[in-house]
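Below: one structure, written as C-alpha cells.
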C-alpha cells in the first residue's frame, strides 16, 4: 500500500475479519437485486418511453450517455462521503436508503411524464427523470461493493461478489421479462392517454416496490461494523477518515494502487464492448440476420428481431446468474485472473459469432458466452481490486474505479454512431464484431494485472 500515502494510519494488532455464513452474504447483497431490477426496466423501456414522448432515433444515444455520466459524477462523491459516515443507521446504509427512495420515486414518475405534456413537453420531463433515476441508482449502488469489501475476509471475497452477481442476474432477468409477463396476464399494450402502455406503466410501479423492498432487506438483515470493530479488523483509525476534505478525491485519484490502474485497461476494453452490444445488437440482428433494411424499423419483422434480441439478453443474464455461483470454484482452479480471462474470452467469441449466424435461434448460443463474461465482469475485477485498496479508502476507490466503467461508455456514445455510419457504411454488425475483439483484448490484458490479494490468500493456504 505504499502508493497510497494519504490513507489513514494503521493500528497495531489487527484482527482477521470473521467469516460470514452464506445467509449473511446473501442478505448483505440482496439490495442489488432491486437495483438491477430497476436498471433492467430502464434499459429495456426508457428508449421506447422517450420515443413515445417525441424523441428522434438520433437523439437516443444522448440519453444513453446520461447513465455513465451520472455514474462518473456521483459514485466518487458517494464513495468519499460513505467512507466518512458513521451514525446510528450505519456507514453505507444511509446511502442505500436515500438512493432507494429517490430511485423508486423516479420509477413511478417516468411512465407518467406524458400527463404534464400540456405544461412542459413530456420529452423534457422524461429526460430529466431519466437523469434523476440514473443518479439515484448510483447513490444506492456504489456503497454495496464497498460494504462487501468492508465485511468479508479475503478468503470469502470471491464468494461474496459471486453471490452479488447472482442476485444482479436474477434482478436483471425479472426486470427485463416483467413487461412481457404483464402483457400475457392481460395488461394493455396500447399507449394510453399518457403515451405509455399499461404493461410498461405497471412494470415500473412493481419495479419501484421491488427496489425499495430489496434495499430494506439489506438494511434490516445485515450488519455493519461499528467504528471500534472496524478499526480492529481493518487497522484504520476511523476518526482520521472524517478529516480529509473533498479535495482528497483528487489526491486519491493520483495515488490509486497499481492494480487499479492495470485493471482500468481491462475495464475500458470490456465496457466499450458492452456498450456497443447494448446499443447496436437489435439493429445488427435485424439487418444482418433478418436481412432487413435500415428503413424497416416500424415493420413486424423488425419487432420480431427486437423481441429475439430481448430474449437473448435475458439468456445472457440468466447464464450470468447461474455461472456466478460457480465462480469461486472456477477461481480455485484457474485463479482470479485466469477465471476473468477465460470468461472474457468466452464473451468475445460469443459476440464475434453473431456475424456468422443465419438462423436467429442461434443467437441464444452466442449469448451463453456473453453471459459468462457478464458474470465475471460484475465480480472478478472487484475481487482482484479489493485486496489492493487501503481499508479506509474502500468507498472512494470503488467510486473512482467506476471511471473505468463510465469513460469507455461515454466515448462510445460520442463516437460509436459516427463510426457505424461513416466507417462501417451503416452496418452495425461490425460494431458487434469489434466489441468481440475488444473482449478478447480484455482477456489478454487481465493476465498482466498485479493481484496482491491472490498472493496473500495463497500464503494462507
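As a footprinting exposure proxy, order 288, 340, 422 by other Cβ within 10 Å, with the fewest listed first.
422, 288, 340
Return 316, 430 ranked ascending by Cβ neighbour count within 10 Å, so the fewest neighbours appear first.
Taking fewest neighbouring Cβ atoms as first place, the list is 430, 316.
Given points 7 Å out from each Cα along the Cα-Cβ axis, report the residue 188 to residue 359 separation in nanometres with one decimal.
My value for the distance between the label points is 4.1 nm.
What is the fewest-to-most order of 376, 386, 293 by other Cβ atoms lying within 10 Å of their Cβ?
293, 386, 376
Using a simple spin-label model with points 7 Å from Cα along the Cα→Cβ vector, what separation in nm is obtained for residue 21 and residue 105?
Once both label points are built, they end up 3.8 nm from each other.
What is the extension gain from residue 223 to residue 290, computed as 0.36 nm multiplied by their sequence separation minus the C-alpha to C-alpha distance, in nm to one decimal?
Going from the current span to full extension adds 19.0 nm.
Taken together, the values in this text are just the output of simple stated rules run on the coordinates, not laboratory data. Quantities reported herein were computed from a predicted structural model and do not represent experimental measurements. As a convention, Cβ positions derive from the backbone with ideal geometry for all residues, glycine included, and neighbour counts pool all protein chains shown.
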